[in-house]
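Peer 1: Below is the structure I would like to discuss, written out as structure tokens.
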Amino acid sequence: MTVQRPIKSVSDLVSAGLATDTAGLDAVAAKYAIGITPHMAGLIDRDDPDDPIARQFVPDVAELVTTPEERADPIGDLSHSPVEGIVHRYPDRVLLKAVHVCPVYCRFCFRREMVGPQGLGTLTGAELDAAIGYIAAHEEIWEVILTGGDPLVLSPRRLREIMARLAEIEHVRIVRFHTRVPVVEPERVDEDMVAALKASGKVTYLAVHANHPREFTGAARKAMARLADGGIVLISQSVLLKGVNDDVETLASLMKAFVENRVKPYYLHHPDLAPGTGHFRVSIEEGQALVRALRGRISGLAQPTYVLDIPGGHGKADIGAASIAGGDGCFTVRDWQGGEHRYTPSGGGD
Ligand code: SF4
């Protein structure tokens with residue numbers, strides 16, 4: 001079925017053939033925004049009740065179940081926000097959250113309490129001035145990460161304005177965007193948009209968020225090619241999600257698809273403790289087994305780092321299974337199949 005307009009409500013889901021039993025969905029919609037672009041709606045296999053694209057975007061009554069450990073601000077943004085729109089968690093970099101709107105609303109979103117029509121909205125002119133003033137006043141800030149929401153929902157004109165202001169700040173060397181747009185609304189990434197993401201004297205990185213190899217449509221591949229050809233360095237981010245990509249074949253295909261499109265695999269996130277997302281969570285042990293299996297399946301070039309955002313705002317930790325243990329000159333090293341080998345740097349191994 002071809003969908004012409006963005007899906008934003010339960011009735012839109014029904015019209016698009018993406019929901020029949022709507023019991024409970026109005027209650028989900030009252031809590032969390034709904035958003036599916038025509039491009040992604042067209043990718044959903046309506047005959048597959050377990051379709052991994054639908055699972056990411058079509059609301060589910062399971063979202064009404066909140067467990068005690070889940071929290072509205074799972075990665076602790078608010079405790080590190082000195083001014084509206086800025087999160088300053090690590091000394092050398094800040095998040096700049098200019099907008100809390102997205103072209104799609106992912107059902108597992110870690111900022112689901114902040115994004116959407118009922119979320120924190122877009123920074124006012126005065127708030128943006130204060131946020132950029134904060135960056136200018138802190139010489140230790142080397143990198144500015146535009147996230148949100150999705151910064152690529154802003155028009156090229158607005159993005160050019162922000163980039164021009166960052167270009168004037170000498171100590172900022174790197175600007176990084178985190179976005180789902182190249183995959184979910186690839187037609188937005190035209191030459192004008194690519195040019196708007198660059199600033200004189202700065203290097204632009206862009207983290208493409210994709211979770212399943214089917215998201216690499218022809219249009220998405222062209223959008224990534226336009227970005228790479230335009231001189232933007234591409235890295236990936238994905239979330240490990242039950243029922244979407246929690247098997248080694250899917251993860252291997254996903255990481256290879258990134259590399260084939262000039263996107264260096266960067267982060268594989270363990271799902272955060274966002275409210276109503278328990279049905280997406282795998283255990284850390286399952287995640288570690290998957291990343292270990294990936295080691296034997298795909299090139300080192302295609303390996304992501306498996307990370308957990310420590311609840312409470314304590315930052316990211318690499319949680320890939322440690323493959324070395326021991327000390328005093330004698331180590332046990334685990335290979336990708338789980339086999340253990342002795343390694344003694346002074347005397348060789350087995
Ligand atoms: S695009 Fe990112 S910020 Fe927006 S809903 Fe999805 S995960 Fe959340």
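The values are calculated or read from the model by the stated rules, or taken from the named source; none is laboratory data. Not measured: the values here are computed from a predicted model. Every residue, glycine among them, receives a Cβ derived from its backbone with ideal geometry; neighbour counts consider all protein chains shown. The area values use the complete protein model at the heavy-atom level, side chains included, leaving out ligands, DNA and RNA. Shrake-Rupley method; radii C 1.70, N 1.55, O 1.52, S 1.80 Å.
Peer 1: Based on C-alpha coordinates, I'd like the Rg and Dmax of the range 1-160, in Å.
Peer 2: 17.9, 55
Peer 1: In addition: In a GNM of the chain with a 10 Å cut-off on Cα contacts, which of Val14, Val181, Val58 has the highest mean-square fluctuation?
Peer 2: Between Val14, Val181, Val58, it is Val14 that shows the largest mean-square fluctuation.
Peer 1: So with the 1.4 Å probe, I'd like the accessible area per residue for the range 1-77, rounded to whole Å².
Peer 2: Working: 3800 Å² over 77 residues.
Accessible area per residue, the range 1-77: 49 Å².
Peer 1: Once you charge only the Cβ atoms, +1 for Lys and Arg and -1 for Asp and Glu, what is the size of the charge dipole of the range 59-142 about its Cα centre, to the nearest 20 debye?
Peer 2: With only Lys, Arg, Asp and Glu charged at Cβ, the dipole is about 180 debye.
Peer 1: Dipole size in debye (nearest 20) for the range 200-292 around its Cα centre, Lys and Arg Cβ +1, Asp and Glu Cβ -1?
Peer 2: Details: 11 positive and 9 negative charges, 90 e Å.
Roughly 440 debye, rounded to the nearest 20.
Peer 1: Rounded to the nearest percent, how much of the accessible area of the chain (1.4 Å probe, protein heavy atoms only) is carbon and sulfur? Walk me through the numbers on the way to the answer.
Peer 2: On the way: 7990 of 15310 Å².
Result for the chain: 52 percent of the exposed heavy-atom area is carbon or sulfur.
Peer 1: Normalising by the residue count of the chain, find the relative contact order in percent from Cα pairs under 8 Å and 6+ residues apart. Walk me through the numbers on the way to the answer.
Peer 2: Details: 684 pairs, mean separation 52.9, N = 350.
Value for the chain: 15 percent.
Peer 1: What's the Cα-based Rg to Rh of the range 262-350, Rh via Kirkwood?
Peer 2: Details: Rg = 15.9 Å, Rh = 15.1 Å.
Ratio of gyration radius to Kirkwood radius: 1.05.
Peer 1: Tell me the per residue accessible area of the range 94-193 using a 1.4 Å probe; a whole number in Å² is fine. Write down the numbers at each step before the final one.
Peer 2: Working: 3780 Å² over 100 residues.
So the range 94-193 comes to 38 Å² accessible per residue, rounded to a whole number.
Peer 1: Moving on to the next point. Under a 5 Å amide H to amide H cut-off, with H placed in plane at 1.01 Å, what residues pair with Cys109 once short-range neighbours are removed?
Peer 2: none
Peer 1: Pull up the cross-link candidates among the aspartates and glutamates for Lys316, meaning alpha carbon to alpha carbon under 12 Å and not fewer than 8 places away within one chain.
Peer 2: Hits, sequence-local ones excluded: Asp272.
Peer 1: Could I ask something else about it? With a cut-off of 8 Å between alpha carbons and a minimum separation of six or more residues, what is the relative contact order of the range 64-208 in percent? Can you show the working numbers first?
Peer 2: Values: 231 pairs, mean separation 32.8, N = 145.
Over the range 64-208, the number comes to 23 percent.
Peer 1: Same structure again: Based on Cβ point charges of +1 for Lys and Arg and -1 for Asp and Glu, what charge dipole magnitude is obtained for the chain about its Cα centre, in debye rounded to the nearest 20? Please report the intermediate quantities before stating the final value.
Peer 2: On the way: 37 positive and 46 negative charges, 152 e Å.
Taking the Cα centre of the chain as origin, the dipole is about 720 debye.
Peer 1: Sticking with this structure for a sec: Under a 1.4 Å probe, what is the accessible area of the range 259-350 per residue, stated in Å²?
Peer 2: Details: 4820 Å² over 92 residues.
Accessible area per residue, the range 259-350: 52 Å².
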